[in-house]
Each structure stands twice: as C-alpha cells, then as structure tokens.
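The values are calculated or read from the model by the stated rules, or taken from the named source; none is laboratory data. This one's a predicted model, so the numbers in the text were calculated from it and none came from an experiment. Cβ: placed from backbone, ideal geometry, glycine included. Neighbour counts: every protein chain shown. Accessible surface areas use protein heavy atoms only, side chains included; no ligands, DNA or RNA. Shrake-Rupley method; radii C 1.70, N 1.55, O 1.52, S 1.80 Å.
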Amino acid sequence: MATTPTTSAAAARAAGASPRTTTYAVIVAVSLCHLLNDVMQSLLSAIYPILAEDFALQFWQIGLLTLVFQGTASLLQPAIGLTTDRYPMPQSLPVGMGSTMLGLGLLAYATTYPMLLLGAAFIGIGSAVFHPEASRVARLAAGGRYGMAQSVFQVGGNTGQAIGPLLAAFVVVPLGQPSIAWFALAALTGIVILNRVGAWYARLRAEDARRPAAAPPAPAISPARVRAAIAILAVLVFSKAIYTAGVSSYYTFFLIDRFGLGIEQSQIMLFLFMGALAFGTVLGGPLSDRIGSAPVIWVSVIGVLPFTLALPHLDLTWTAIVSLPIGVILAMSFPVIVVFAQELMPGRVGMVAGIFFGLSFGLGGIAAAVLGVLADAYGIAFVFLICSVTPAFGLCAVWLPRRRELRGG
C-alpha cells in the first residue's frame, strides 16, 4: 500500500511501535525540552517591537524575519522526518538544540538586518531537527496513549511560546538586545536532558532489534482516501497557522496601535493568549483518547469562530477576555490532527510530524509575511479582520474519515 514504507524492521518498529507501558519520565523530558526550545524560538517574535525600533524595521521586514525562521523549519522538517523514519538518529535531538542556541547568539549581537535573518534561519534549522524526532520519542513512550503523549509534548512548546513574551518584557526590554545571549543557558540545559533521552531511545531501538519484526498496521481505507484525508488535515492546519501567525507576530502592534498600550503591557496580553494555547493543547489530546478525534476537531472548528469574528470589534477588557477562549479552543485539535495523520500513515511517524509541524511553521511564515505587507498598506486593524475569518476554512473537516472507517468497521 502506498502509505506503508519499506524500511528495516528496527526502523519500522521505531516508527510505529511503543513500549508496553507509558514511560512518563521520557514524555515529560521531551515536553520540558520542547518548552526550552520554544522559549528560545518565541523570543524572536516577542522582541519584534524592540528590533523594529532599534533597526527601524517596516512591517514587511518583520514578516520576512518570520518567513525565514518558519520557512526554514518548514522546508527541512519533512525531509528530516522522512530520513529519520528510515535511519533513526537518537542523538540528533541535542544537535537541533545547539542550532537554536547559535541562532540566539546571532540575534543577541546582530548589528545589521542580514545578521538578524541569519539568526532566524539557525533557529528554524534547530526547530526542523528537534520536532520530528522529539515527536517520535513521545509516541514511543506513549504506551498506546498517543493523544495524551502528543498533547503533553506539544504543551511544552505552547508553554514555552507563552513564557517567551514575558521574558522578553521583563528581561530583554529593560536589559537590551544583548541579554538574549543569557538564554543560551536554557539551550545547554536542553542539550543535557536530550542526551539522556537519546540514550533511552538508543536502548529501546537495541531492544526492538532483538524482537521479531512487526510491520505497522495499514489503515482500512484506500490510498486515495488517505491522501484526501491528509489534504483536509493540511487545510485545518493552514486555517490555524494563519490565525496564530497573525496573533503571535502582530498582536502586540495591534494592542499598541488600537489601545495605546506599552510594550510590556502588550507582551503580557500576548502571554495570556499563548498560555490559553498551551491549555487547549494539553486538553485536546487526552480528550481525543476518550471521545475520538472527530468531536474534538469539530469543537475546535465551530467553537472558535464566534470569538475570532468578535475580537477585532471589542474594547480592551473584552479583547483580553475573548483571547482566552480563542487560544484554548483553537489549540485543542492540533495534537489530535497529528495523531490522526499518524494513524493514516503508520510507520511514517517522523515524516508525518515533520510535515505537520513543518506545515504549521511554513504556512505561518508565509502568512506573517503577507499579513505584514497588508499591515503596511491598510493598517494593522485590517489584518485582524482578515485573521478573524480564517478559522472557517476548518469546516472542510466534514469530509474527514470517521474512526470506524480507519478500523474497517
């Protein structure tokens, strides 16, 4: 079948198998490293107001920074995921963290705009290396509780993205651009932890190599139906990526422009939204383990629309309040989408993680660049009017296969 890869027995098991029991320590470890990784990555968008002032940047240049960062990650992640499906690389995880650390150093001491772009590129490379293998490790440690494991893994990243703006507000803003270099300590911590995770992963592969080969199960639906379902899931990610890219890149500018907030206050508001994303992520996976993927996806699609449509028209208090359910409901389905896609393409866990993490990064980067051009031309308020309707693309979820189809029922 087209969706089942031809790999070595060990690689197939590494891609699709799981230990007999849930290994919570490993799941928590990769989640913590995801937090550290995304704290460092979120510093880039969190310090946009500072960079805009120090380097006299226009909105299109801010969008280009996001495009370089997220575009680099998007192009590399699927290729890295496909490669590690065939040739697992347990020690690639700390390498990815090291690339992010290098990118931070460039951001801290950049004196020109091209240096900022280079720093953004190294951060994107770090993300591309880290996410596919870390997602695979979370699945290997899940013990069958794939939704829970994916949620815990992803909530680490969402939490890191939420903390980043606060650290930017209370560390980078008062101390200046060079203070970004202090966050290299977070990278060093992550490298130490990921070395231990890589050792566990290597031991698991060695144990699997001594067991009889077990091919990953194929889905009960046709290859054409699989491709259609993957395309629909990609559209769902697209709708979420546009909205989250718009908020993460321009929410602070929107608040400053519309309500006259200072940088610190706007960063706190961004923190609230990112924190809501984190809560929604940790809620969605375990819920899907209990009630199935489709209900969670539908709640996320239908439930968020009234709030996103209302937000551009509200006062400051209601903007702060409404941003919370938007973040929670919007984020609920992303871990579910990843697990759903992994069920559709068993044995290609790394490639699926690379595609969907990379897709969210890449589409977010393109969206940020386009939205930056629109903000320069028509104003930041117009950008949020556009973003408010993008979750409606998720209505195409009506064509997704049901769980009984995947099981042949």
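Some observations on this one:
- Cα pair distances exceeding 20 angstrom across the stretch 35-117, given as percent: 40
- Between Ala224 and Asp257, the contour length at 0.36 nm per residue exceeds the alpha carbon distance by 7.1 nm.
- Listed options for semi-axes √(5λ) of the Cα gyration tensor in Å are [x] 34, 25, 17; [y] 48, 26, 23; [z] 33, 23, 21. The value calculated from this structure is the one marked [x].
- Protein heavy-atom accessible surface, 1.4 Å probe, per residue over the chain: 37 Å².
- Taken as entire DSSP H runs, the helices of the chain that both span 20 Å or more between Cα atoms along their own long axis and average 0.0 or more on the Kyte-Doolittle scale are 24-46, 59-86, 92-109, 113-140, 146-167, 184-209, 223-259, 263-291, 293-310, 316-331, 349-378.
- Exposed loop sites here are trypsin sites (Lys or Arg not before Pro) assigned a DSSP state other than H, G, I, E or B and surrounded by at most 12 other beta carbons within 10 Å; excluding them, the longest clear run of the chain is 211-401.
- Accessible area of Met101 in the full protein assembly, 1.4 Å probe (Å², nearest 10): 50
- For Ile291, the solvent-accessible surface computed with a 1.4 Å probe is close to 90 Å², ligands and nucleic acids excluded.
- Rolled with a 1.4 Å probe across the full set of protein chains, the surface gives Glu343 an accessible area near 70 Å².
- Helix-only [θ]222 nm of the chain, DSSP H runs n ≥ 4, -39500 (n - 2.57) each, per residue, nearest 500: -26500 deg cm²/dmol
- Full extension of the chain between Thr317 and Thr83 yields a length gain of 79.4 nm, computed as 0.36 nm times the residue separation minus the alpha carbon distance.
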